[in-house]
Each structure stands twice: as C-alpha cells, then as structure tokens.
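Here's the structure we're looking at; comments come further down.
The numbers here are math on the coordinates, done by the rules we state, and not lab data. Just so it is clear, the structure is predicted and the values come from calculations on it, not from any experiment. Methodologically, a virtual Cβ is constructed for each residue, glycine included, from the backbone with ideal geometry; neighbour enumeration extends over all protein chains shown.
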Amino acid sequence: MHPRVSLHQVAFLAEPTADFIAFCREIGVGNATLVTPVLSQPGEVEAARAALAATGVRAATVNHVFGIHPNLEADTGEAATRLLEAIDMAATLGASAIYLISGGRGRLSWEDAAARFAALLAPCREAAQAKGVRLLVENASALNVDIHMAHTLADAITLAETAGIGVCIELHACWMEGGLRALFRRAMPLAGLVQVSDYVLGDRTTPCRAVPGDGAMPLERLLGDVLDAGYRGLFDLELVGPRIEAEGARAASRRAADYLSNLLTRLGA
C-alpha cells in the first residue's frame, strides 16, 4: 500500500474506533482520519490510542465540526471550547492536523461570517500550535450550507487566509470548478490534506461518494495536478453515501485503497 494513502472513519461510524483502526491495518493502510463525534464517546480516545499503538497505524488527521452551536452568528464560545477539546484529543492520539467544517452562517453575509469564524477560532490557534496540531478548513458541497460556508476551493482558501489556518482540499466538492490548476497552486502553501473519492454522473443524493475509479472524476489528472503544484501530504479516502453502504464499508474501502495506491504509484508520488 502506498504510504500516502489515508482512510477516513466516516464509513465506519457505527463501529468502535479500535475496529476501524484494525481494519486499516488489515488492508495495509498506515494512516487514518478519525472523527470527534465518535472519539467524544466514553473510552474511545483511550481505546483508539491502544489500537494505534498495537497496529502501527497513524492517526494522521481528526475531523471536527466547528461552529454549529447553533451557527457562526449565534455561537457564544461553545465552538472554541469544543475545538480545544478536539485539539487535546488529536494531540493525545499523535494526530498532526484537524480539518474543520466551519458551521453555518446564520444570517451573516459570507464576508461577515468569515470574520466571525476567524474570531471564534482565535483562542484555539495558539493552543493548536503549542500541541503541534495544524488547523485546516475544507471546501464542501453547497448542500451542506447548514453546517458549512466554503463551497468552492477559492472560498475555502480565502476563509483559511482570513482565519490564519490551512486548507483541506476536498476534490469531490471542487473537481468541476474552472481554473483548478491555478487554485491548487494558490492553495499549496496552506494545503494540509487532499481528500479523494469519485462521483457517478446523475447521483442526486447527499452524500453521494463513489469508490475512486467508479465515476466520472478525472482522478489521474486531478491528482497529477495536485502533485505538480507541490503537494507532499496524504491523500485521504472519504467514502460515504448509498453506493458505499450498498457495497459495504469494508469492501468499498479495500477497493478504494488499492485503486488510490496504484494511482499514486503510477504518478510517482
């Protein structure tokens, strides 16, 4: 398995984190993205830490939803409190990054919401830096407008620059955008994670991920452009939706990891 392949826990939310980590080891994936809703459950951080030590899998990244208390406009500090807890979790598990879903805008304009995101996040930046944890924000589908505000890669970069943090490039949410090569180059100084899946034309559900190679996304070109732009980090498989459920998380993840590993090898990553 290529050493830059990572697998996201999102397809395994019904299972203990330790079982997910054991599966990563089983298929030879050395990096995992863990999620705070599961890690926040009693005993999960301790069990995950033990599983990581036993398997040699690395918890490279943690996923956390930030300003949903109830949104960026109305939050009074709970978002920062929860993120500080997530930073402690990430540090305990040896994760080097947390990527964030921003939270919804409420009634704020995009620009005011970006400033609000940065202000709410401010108490957490120094804590994250002190613990060696890099904060990132992703681009995500506009169908997630209730919990996120950056729906193009350009907006995610602008939001990250405003908040003084990094970027998680979610290819599923931006592969159809124009000027991607230039956006990848603009994102590189901030890029801490690239997420990979596929999209089958005509799917209308959300989420609607497919195993890489099963859909229409030109993944070889996209990953080649990301590598050409200078990206040196992990490629995270985030697989979720009806197609993944129908095949089963384990079967879909195994196929996806093999496909991505072979593609990265072919690209000379």
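Counted by Cβ distance under 14 Å from ASP19, the other residues give a net charge of -1, where Lys and Arg count +1 and Asp and Glu count -1. Neighbours of ALA156, meaning other residues whose beta-carbon lies under 13 angstrom from its beta-carbon, give a summed charge of -4 when Lys and Arg score +1 and Asp and Glu score -1. Backbone geometry of region 150-161 corresponds, through the Karplus equation with coefficients 6.51, -1.76 and 1.60 at θ = phi - 60°, to 3J(HN,Hα) couplings of 10, 10, 9, 5, 4, 5, 5, 5, 4, 5, 5, 4 Hz, x marking Gly and Pro.
What you get for region 5-267, charging only the Cβ of Lys and Arg (+1) and of Asp and Glu (-1), is a dipole of about 520 debye around the Cα centre. Look at where the Cα atoms of region 87-138 and of region 1-44 average out, and the two centres are 21 Å apart. Between MET217, MET176, MET149, the residue with the greatest mean-square fluctuation in the GNM of the chain (Cα pairs under 10 Å linked by springs) is MET176. Considering only ILE98, ILE27, ILE68, the mean-square fluctuation computed in a Gaussian network model of the chain, springs between alpha carbons under 10 angstrom, is largest for ILE27. Entry note: region 183-269 has Rg to Rh equal to 0.98, where both radii use alpha-carbon atoms and Rh is the Kirkwood radius.
Taking a temperature of 37 °C and a viscosity of 0.692 mPa s, what whole-number D in µm²/s does Stokes-Einstein yield for the chain with Rh from Kirkwood over alpha carbon pairs?
178
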